[in-house]
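Throughout, read-outs are computed from the coordinates displayed, never taken from laboratory work. Remember, it's a predicted structure, so these values are computed and weren't measured experimentally. Ideal geometry is used to build each Cβ from the backbone, glycine not excepted, and the neighbour counts take in all protein chains shown.
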Amino acid sequence: MRERPAGQASVGRVHHVLVVDPFAVLSRDAASRLRTDRVAIHHVTDETVAAHMARDEAVGLVALLVPESSDTGTAREQSIARWRQRAPPCSLLVSTAAGLAGDIQRALRLPAAPAHTDAGAAGSSAAVAGARALAAIVGRAPATRRLRRIIERIAPSDRAVLVHGPTGTGKELVVQALHQLGLHPEAPLVDVNCGAIPEALMESLLFGHVRGAFTGADAAQEGYLGAVGHGTLFLDEVAELPLLLQAKLLRVLETRRFRRVGSTEERRFHGRVVAATHADLRRACVERRFREDLYYRLAVLGIEVPPLAERREDIPLLVAHFAALQPRVMRFTAAAQAELGARAWPGNIRQLRNAIDRLAVTCDAESIDVADLHEHLEPADEALHGAPQSLAGVPPDLASALLRLDGHDKLAAVESLLIDAAMRQYGGNKSAAARALGVHRKVLERRLGRDHVAALGGDDDESIEPD
């Protein structure tokens with residue numbers, strides 16, 4: 001990070017302040033109160049992680065906290081010396097928890113909040129919200145920086161966006177940043193999980209309906225397309241959208257108009273559609289499970305969210321970020337940091353966050369070491385250490401055997417094989433079979449043809465709790 005003078009304030013600029021708190025003297029609530037429309041606070045207790053974060057050019061000021069005690073002068077000198085050895089050249093402020101707010105204001109030369117109009121306040125608030133949404137995508141790896149740049153470039157547009165990436169990579173954060181940095185951040189962000197809504201209800205919820213449109217429609221209802229206004233309609237798991245609704249959604253994207261169920265009146269769609277999926281939509285188009293014309297309409301602007309394996313440099317920062325969200329102070333030894341950085345994390349950022357949450361609850365150690373990781377977390381994936389990548393208890397030649405299945409589409413054959421096995425094992429009960437397969441019941445129902453259910457002859461036992 002280049003040396004930057006702290007005292008150069010600019011109008012409308014959000015100042016990013018890295019608060020390094022090696023003695024954990026600042027509470028989470030106190031750190032939250034320091035945040036304003038002009039100042040974004042990044043509170044970190046691990047000095048090694050903070051030194052990495054200080055290299056980010058967005059950080060304009062580093063505040064190093066020392067304890068308020070009789071030997072504050074000695075602690076101050078030792079902290080400064082230790083920080084100078086680890087960190088790059090930067091604007092450094094040494095302070096205590098009690099005086100931090102005033103010291104930051106003076107260091108940044110921030111004036112008192114000026115009087116402003118409601119419109120000006122709204123614009124400032126939107127800019128701050130956008131900056132925070134982008135900052136929520138934690139990391140400084142090349143892939144992460146590239147992701148943030150693409151979001152900033154794409155956001156100020158009303159074109160459809162397709163966000164693709166593996167499960168657990170943070171696609172929802174990308175969508176939130178697109179919305180907050182978009183043309184209408186004050187408008188609603190409507191989240192629709194296409195895989196969790198029954199097909200019979202999906203059209204009514206998406207388009208709305210008029211009174212009497214179908215049995216039980218006692219009153220008119222606004223659909224998501226109308227309720228979103230000028231905002232963002234987020235279609236999560238868009239690959240699970242039924243084919244019939246895919247055709248209707250395509251018409252909305254092409255004409256910007258839609259009709260409520262049971263109505264002949266056309267309404268205008270003013271919002272922006274952002275879709276997300278972890279599925280391979282191109283393969284789905286080839287297999288005629290997804291409309292090719294809709295795919296190209298959604299993919300006018302595309303964002304590929306990288307897996308954690310492509311941004312390993314971010315793991316220490318993510319660990320510090322998730323640790324700071326816990327109700328207690330968490331520190332990790334250098335060996336523990338190395339262990340966390342070496343793990344495979346097939347579940348990506350979601351799995352890493354869950355691991356930190358588990359350690360916060362189950363591990364009492366103030367400084368978490370490798371032994372604590374082994375005791376409280378699942379064993380590390382052996383794939384990084386040269387062991388063959390296979391599931392426990394599964395024959396190593398299973399993949400080869402599956403590749404010898406009849407038919408051209410081996411993936412579809414394996415899917416049918418798993419569905420058959422799950423349905424037979426649970427006596428045709430779709431809820432239990434879906435849980436065994438790790439998918440939502442509605443997803444299984446869509447992949448399970450009527451002929452398939454009839455052939456099995458299983459009756460669906462609804463006594464098992466719904467998903």
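Numbers for the structure displayed
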read-out	value
Vicinal HN-Hα couplings computed from phi for region 243-249 (Karplus, 6.51 cos²θ - 1.76 cosθ + 1.60; Hz; Gly/Pro x)	4, 4, 6, 4, 5, 6, 5
Per-residue Cβ neighbour rank within 10 angstrom, fewest leading, 293, 372	293, 372
Overall dimensions of region 311-385 by Cα: Rg and Dmax, Å	11.2, 34
Linear extension gain, residue 401 paired with residue 245, 0.36 nm per residue minus alpha-carbon span	52.4 nm
Extension reserve of the residue 214-residue 98 stretch, reckoned as 0.36 nm per residue once the Cα distance is removed	35.4 nm
Whole-Hz ³J(HN,Hα) from phi, Karplus 6.51 cos²θ - 1.76 cosθ + 1.60, for region 430-443, glycine and proline x	5, 5, 5, 5, 5, 4, 5, 7, x, 10, 6, 3, 5, 5
Residue-wise HN-Hα coupling along region 134-141, computed from phi with Karplus coefficients 6.51, -1.76, 1.60 (Hz; x: Gly, Pro)	6, 5, 5, 7, 6, x, 9, 4
Distant-in-sequence amide H partners of residue 93 (H built 1.01 Å from N, under 5 Å)	62, 63, 64
Amide H partners (placed H, <5 Å) of residue 43, local residues excluded	19
Placed amide H near residue 15: partners under 5 Å, 5+ positions off or other chain	39, 40
Protection-proxy order for peptides 285-292, 172-179, 236-243, 200-207, each taking the mean of Cβ atoms within 10 Å per residue, highest first	172-179, 236-243, 200-207, 285-292
Semi-axis lengths (Å, descending) of the ellipsoid that matches the C-alpha gyration tensor of region 15-108	18, 17, 12
Computed E for residue 415/residue 191 - FRET, C-beta separation, R0 30 angstrom, nearest 0.05	0.65
